[in-house]
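Structure, as structure tokens:
Just so you know, all these numbers are worked out from the coordinates, no wet-lab data involved. Since the structure is predicted, the reported quantities are computational estimates derived from the model, not experimental observations. All Cβ positions, even for glycine, are placed from backbone atoms using ideal geometry, and neighbour counts span all protein chains on display.
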Amino acid sequence: MDISVIIPLYNEEESLPELISWIGQVMSANQFSYEVILIDDGSTDNSWEVVSQLQQKSAFVKGIRFLRNYGKSAALNEGFKAAQGDYIITMDADLQDSPDEIPSLYQMIREGGFDIVSGWKKKRYDNALTKNLPSKLYNYVTGKMSGVKLHDMNCGLKIYRRKVVQSIEVYGEMHRYIPVLAKWAGFRKITEKPVVHQARKYGVSKFGWERFVNGFLDLASILFIGKYGKKPMHVFGLWGSIVFLLGAGIWIYLAIAKFAFMQYKMTERPLFYVGIISLVIGTQLFLAGFLGELITRNSADRNHYNIDEKIGF
Ligand code: UDP
Ligand code: MG
């Protein structure tokens, strides 16, 4: 199978029929073999009824229904597990992403040998203040911190090589950072392509202000897990030692000052407090490192590495 299209949806009943027939037209015009996996993320409207009707009409449609709303990341993760195509396209269900982009994305990823081609909503039809401006800031910060420089990291429309989606796990709000996760997993050929974007035709956006907070917390987790997930002591131990040695140095100095030069009023010296706090925090960091190591040792995938190829077996 050439392409799996994965579409997470949450209360999008109005858009689905139009979206599916549009995808079907594009796919058959280009003679692709394909499947479309619709993941109903606990919709409370009639989305699932619409999905089942579409499935009965068209054999290429497959549906997965969550019992409750788990979020876009969870939906994508399930879709990734189910996908059978050589290349995987993700797309939003609200008709903001155009299925007409599928052939050119497919051509670009195959000919360029890329791991990911990410869509870039160069001309975007969303609210400037609540969506476009925050998105610029967010893409800038993420690029700086992760080293993955994309104009539109969180674009719903992307194409992946199958191996990429099999090697990563998305949860929380991490769908915003899939290229970063992919980079940590070892997939470095990541590029972008300007794509057509439309205003939302039906319904409302499913993401509110919480996305700012959760989004940045998840970025922090990704960067930490990516770098130190398999060796937490390397970061906690280093900083624990530095802070502890600083505290110890201060206390040695204070002890010499007291006994050799008879300086009193120890508790009135700010340095005294810096010394105590450094010793305590240093020990705490070290302990966090040991705990982290214990947890890593017990985790099932502590020795899981992504293997690209094996020959001669
Ligand atoms: N979505 C989902 N689960 C959620 C929230 C959103 O599956 O909890 C889907 C939603 O139905 C849509 C896509 O994720 O297909 C993008 O959501 P939306 O269009 O609301 O985001 P925006 O375009 O406003 O950033
Ligand atoms: Mg949308």
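Odds and ends about this structure:
- The residue among 266, 107, 256 whose Cα reaches farthest toward the positive pole of the charge dipole of the chain, with charges on the beta-carbon of Lys, Arg, Asp and Glu, is 256.
- Share of Cα-Cα pairs in segment 38-101 lying beyond 19 Å, as whole percent: 35
- Over the chain, dividing the summed -39,500 (n - 2.57) contributions of all DSSP H runs of at least 4 residues by the number of residues returns a 222 nm mean residue ellipticity of -16000 deg cm²/dmol.
- Euclidean distance of C-alpha centroids, segment 215-234 and segment 254-285, integer Å: 34
- Relative contact order [Cα under 8 Å, 6+ residues apart], the chain, whole percent: 17
- Separation in nanometres of the label points that stand 7 Å from Cα toward Cβ, at residue 68 and residue 53: 2.9
- Spin-label model, residue 253/residue 81: points 7 Å from Cα along the beta carbon direction are separated by 5.6 nm.
- When you filter the GluC sites (Glu not before Pro) in segment 123-207 for DSSP loop state and at most 16 other Cβ atoms inside 10 Å of their Cβ, you are left with 169.
- Rounded to 5, percent antiparallel among DSSP beta bridges of the chain: 30
- Gain in span if fully extended, residue 213 to residue 201, counting 0.36 nm per residue against the direct Cα distance: 1.6 nm
- Going by neighbour counts of Cβ atoms within 10 Å, the residues 86, 152 line up, fewest first, as 86, 152.
- Its alpha carbons considered, segment 165-313 gives a radius of gyration followed by a Dmax of 24.2, 79 Å.
- Global geometry of segment 1-83, whether rounded, prolate or oblate, following the gyration tensor of its Cα atoms and the 1.5 cut on a/c: oblate
- Dipole of segment 3-228 [Lys/Arg +1, Asp/Glu -1 at C-beta], most positive-end residue of 215, 98, 7: 215
- Fewest-first sequence of 9, 137, 38, 238 by Cβ atoms within 10 Å of each Cβ: 137, 238, 9, 38
- Selected from 161, 297, 110 as most flexible by GNM, with the chain as the system and alpha-carbon contacts under 10 Å: 297
- Dipole magnitude for the chain: computed about the Cα centre from +1 point charges on Lys and Arg Cβ and -1 point charges on Asp and Glu Cβ, it is near 1360 debye.
- Selection from 190, 59, 290 lying farthest towards where the dipole of the chain points positive, charges on Cβ: 290
- Anisotropy class of segment 111-243 from Cα gyration tensor, a/c 1.5 cut: oblate
- Neighbour counts of other Cβ atoms within 10 Å put 191, 267 in the fewest-to-most order 267, 191.
- Å³ per residue enclosed by the Cα convex hull of segment 3-228: 112
- Our estimate of slack between residue 228 and residue 21, defined as 0.36 nm per intervening residue step minus the Cα-Cα distance, is 70.0 nm.
- Cβ-placed point charges (K, R +1; D, E -1), dipole of segment 1-159 about Cα centre in debye, nearest 20: 680
- Sites matching chymotrypsin sites (Phe, Trp or Tyr not before Pro) across segment 215-309 that sit in DSSP coil, with at most 13 neighbouring C-beta atoms within 10 Å: 264, 305
- Within segment 205-313, the GluC sites (Glu not before Pro) that combine a DSSP coil assignment with at most 15 other C-beta atoms in a 10 angstrom radius are 309.
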